[in-house]
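Here the structure comes first, spelled out in structure tokens, and everything after it is commentary.
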Amino acid sequence: MKNINIPFNKPYLTGKETSYIKDAVTTGKISGNGKYTKLCQDFFEQNYGFKKTLLTTSCTDALEMAAILIDIQPGDEIIMPSYTFVSTANAFVLRGAKLVFADSRSDHPGIDEATIEALITPKTKAIVPVHYAGVACDMDIIMDIANRYDLFVIEDAAQAIDSYYTSKDGIKKPLGSIGHLACFSFHETKNIISGEGGLLAINDDQFIERAEIIWEKGTNRSAFFRGEVNKYGWVDVGSSFLPSEIIAAFLWAQLENLKDIQSRRKQIWNNYFQQLKFWANENEVRLPKIPLYATNNAHMFYLVFKNSEKQSHFIRQMKEHQILCVFHYLSLHKSEFYKSKHDDRNLPLSDKYTETLVRLPMYYELKQDKVIHNILNNA
Ligand SMILES: *Cc1c(COP(=O)(O)O)cnc(C)c1O
């Protein structure tokens, strides 16, 4: 295989990661819920107004905690987009839920809000919108449906750190602060990273106490550490969802540089947009659309081609010039694991994005000129 010159992703280090890890290691507290975990959680609560946050070992784990918290029972139905990562789905399937997949929007790969209400049955328990590319779903519509049918909303905000939604009344709300629960990822491919890592944001008070217990293997150990009880024991189901202080120390170094990381990514994103818009127009390629109610956190820059031949041609062409571009999300309703469990509804837009969307390299240290040059001259 040819040596790839420009990778699709390269984890960015701010420089402080190893010294904070060293600090965590030398202070001798390396299991979870120590100083760095608290620094990170306080940062999220103060900057984004989440009522309570808990660091987790991944967004996948945060989603699994959410599924436990809303007490999913076998047969409960969950509405989510088919065009998403498997973790959005797995968390609920693990607890016996039936997935009811919604299609994507024609102007954006996110869930088509207008199709949600018709999918509701007496068994529906929750809606799980995914803020694809860090671009908000239309949360007024989703929260209104949820309120009318008494459903939970769990935001899959894996890609959506530091991005916002402006509701009809003009209030700008951080993504992850709107649903009852929200889940973020710090996987190395996201904007803010810790290798593997995630966060559960809890916006509904009823879940706060139980979330801490589930997080700590079903024990009331957190309450014990705060001196609220004089011994701790097994009080509920749970698992080991908390990351070690080594991970939290890494994450803290990233969070201290969040502004710088975000501004660099936005610069790259805007440069792609400006440099490619004429070419895109000439070649019938669609660039990302940011609706008026959404902000752009520059998680992802993608192109949508006319058909799958153009998609694979582009990926091949770029690869020949040592630039790695990727497509993604084989629609979950067509996956080997779930297709036999899916009802027969077609989800043509979800399929369309699978066949036509390509993600361009996007990371802090990207040498973008080569990518743009190749697109303008060869693709
Ligand atoms: C990355 C991602 C996840 C999973 O995050 P992990 O931290 O790797 O578990 C879930 N949902 C979406 C939409 C993602 O992009």
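Figures for the structure shown
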| item | result |
| --- | --- |
| Where a residue in region 42-65 is within 19 Å of K173 (Cβ to Cβ) and its partner, wherever it lies, is of a type in the set (A, V, I, L, M) and assigned to a helix (DSSP H, G or I), with Cβ under 8 Å and at least six apart | F43/L255; K51/I208; K52/I208; K52/A211 |
| Which numbered condition T121 misses (of (1) touching a residue at least 60 places away in the same chain (Cβ under 8 Å); (2) away from the ligand (no atom under 16 Å from the Cβ)) | (1) |
| Residue check for T189: in contact (Cβ under 8 Å) with a residue 40 or more places away in the chain, surrounded by fewer than 19 Cβ atoms within 10 Å (Cβ to Cβ) and within 13 Å of the ligand (Cβ to nearest atom) | yes |
| Which numbered condition D351 fails, given (1) touching a residue at least 40 places away in the same chain (Cβ under 8 Å); (2) of a type in the set (D, E); (3) touching a helix residue (DSSP H, G or I) at 6+ places or on another chain (Cβ under 8 Å) | (1) |
| Residue match in region 93-115 (condition: more than 30 Å from D140 (Cβ to Cβ) and out of contact with any strand residue (DSSP E or B) (no Cβ under 9 Å at 6 or more places or on another chain)) | yes |
| Breaking point among (1) surrounded by fewer than 21 Cβ atoms within 10 Å (Cβ to Cβ); (2) in contact with a Leu (Cβ under 9 Å, 6 or more places away or on another chain); (3) assigned by TED's automatic domain parsing to the domain that holds S163, for K29 | (2) |
| Single match in I246, I202, I213, I171 (criterion: touching a strand residue (DSSP E or B) at 6+ places or on another chain (Cβ under 6 Å), more than 16 Å from the ligand (Cβ to nearest atom) and among the aliphatic types (A, V, I, L, M)) | I202 |
| Residue match in region 60-67 (condition: crowded, with 23+ Cβ neighbours inside 10 Å, over 17 Å from the mean Cα position of the chain (by Cα) and more than 10 Å from the ligand (Cβ to nearest atom)) | no |
| Any hit, region 76-85, residues being more than 16 Å from the ligand (Cβ to nearest atom), over 29 Å from L251 (Cα atoms) and modelled with pLDDT of 95 or more | yes |
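The values are calculated or read from the model by the stated rules, or taken from the named source; none is laboratory data. Remember, it's a predicted structure, so these values are computed and weren't measured experimentally. Using ideal geometry, Cβ is built from the backbone for each residue, glycine included, and neighbour counts are taken over all protein chains shown.
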